[in-house]
């Protein structure tokens with residue numbers, strides 16, 4: 001099934017993919033267009049073929065992104081550095097307006113993290129400006145305990 005995403009969204013994803021790969025050294029980058037792309041790693045054969053609300057990227061950063069649970073245990077600096085986990089990246093343009101309904105649609109399309117029953121879904125939001133500058137934010141689905149300084 002060919003993706004039905006608008007060309008400007010696919011272009012944004014291309015800019016972000018290049019930025020992740022060549023500026024930030026992410027690996028294992030996969031372009032996601034449908035729910036089947038996300039669930040292809042699952043054991044289920046009934047992967048849905050409907051489009052994701054926005055085209056996304058799935059990949060591994062060179063270092064573990066901030067995780068409040070691991071940050072507290074690593075504050076002393078004695079614990080070894082955790083292996084980076086695969087992350088979902090949502091490319092958006094700076095001028096895009098997102099409603100709570102749109103955010104909910106994006107998070108609802110993602111599988112629940114299986115490591116921990118209490119862990120929350122999260123995505124890396126890649127905000128692209130008109131000059132192709134990319135700024136990254138981590139967004140969680142739900143309330144996450146803030147970082148302690």
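The values are calculated or read from the model by the stated rules, or taken from the named source; none is laboratory data. Since this is a predicted model, take the numbers as computed values, not measurements. Reconstructed Cβ throughout: ideal geometry from the backbone, glycine too, with neighbour counts over all protein chains shown.
How many residues are part of a loop (DSSP other than H, G, I, E, B) and at pLDDT 60 or above if we restrict to the stretch 17-45?
So the first thing to find is which residues in the stretch 17-45 are part of a loop (DSSP other than H, G, I, E, B), and the list is 24-26, 40-45.
Narrowing the set further to residues that are at pLDDT 60 or above leaves 24-26.
Of the residues in that region, 3 qualify.
Could you please let me know if residue 78 is more than 21 Å from residue 146 (Cα to Cα), surrounded by fewer than 14 Cβ atoms within 10 Å (Cβ to Cβ) and modelled with pLDDT under 85? If you could, list the steps in order and put the result at the bottom.
Values: more than 21 Å from residue 146 (Cα to Cα): yes; surrounded by fewer than 14 Cβ atoms within 10 Å (Cβ to Cβ): yes; modelled with pLDDT under 85: yes.
Spelling it out, residue 78 is indeed more than 21 Å from residue 146 (Cα to Cα), surrounded by fewer than 14 Cβ atoms within 10 Å (Cβ to Cβ) and modelled with pLDDT under 85.
Looking at the structure I just gave you, is residue 48 in contact with a helix residue (DSSP H, G or I) (Cβ under 9 Å, 6 or more places away or on another chain), more than 24 Å from residue 7 (Cα to Cα) and either at pLDDT 80 or above or loosely packed, with under 14 Cβ neighbours inside 10 Å (or both)?
Values: in contact with a helix residue (DSSP H, G or I) (Cβ under 9 Å, 6 or more places away or on another chain): yes; more than 24 Å from residue 7 (Cα to Cα): no; either at pLDDT 80 or above or loosely packed, with under 14 Cβ neighbours inside 10 Å (or both): yes.
For residue 48, the condition - in contact with a helix residue (DSSP H, G or I) (Cβ under 9 Å, 6 or more places away or on another chain), more than 24 Å from residue 7 (Cα to Cα) and either at pLDDT 80 or above or loosely packed, with under 14 Cβ neighbours inside 10 Å (or both) - is not met.
Going by what's in this entry, would residue 65 be described as closer than 19 Å to residue 127 by Cα, surrounded by fewer than 12 Cβ atoms within 10 Å (Cβ to Cβ) and either modelled with pLDDT under 90 or over 12 Å from the mean Cα position of the chain (by Cα) (or both)? Working first, answer last.
On the way: closer than 19 Å to residue 127 by Cα: yes; surrounded by fewer than 12 Cβ atoms within 10 Å (Cβ to Cβ): no; either modelled with pLDDT under 90 or over 12 Å from the mean Cα position of the chain (by Cα) (or both): yes.
So residue 65 does not fit the description; no.
Among strands (runs of 3 or more DSSP E) lying entirely in the stretch 84-149, which contain 2 or more residues that are surrounded by fewer than 16 Cβ atoms within 10 Å (Cβ to Cβ) and either modelled with pLDDT under 90 or over 13 Å from the mean Cα position of the chain (by Cα) (or both)? Before you say what the answer is, go through the steps one by one.
Numbers: elements: 87-93, 122-128, 134-140.
Correct list: 134-140.
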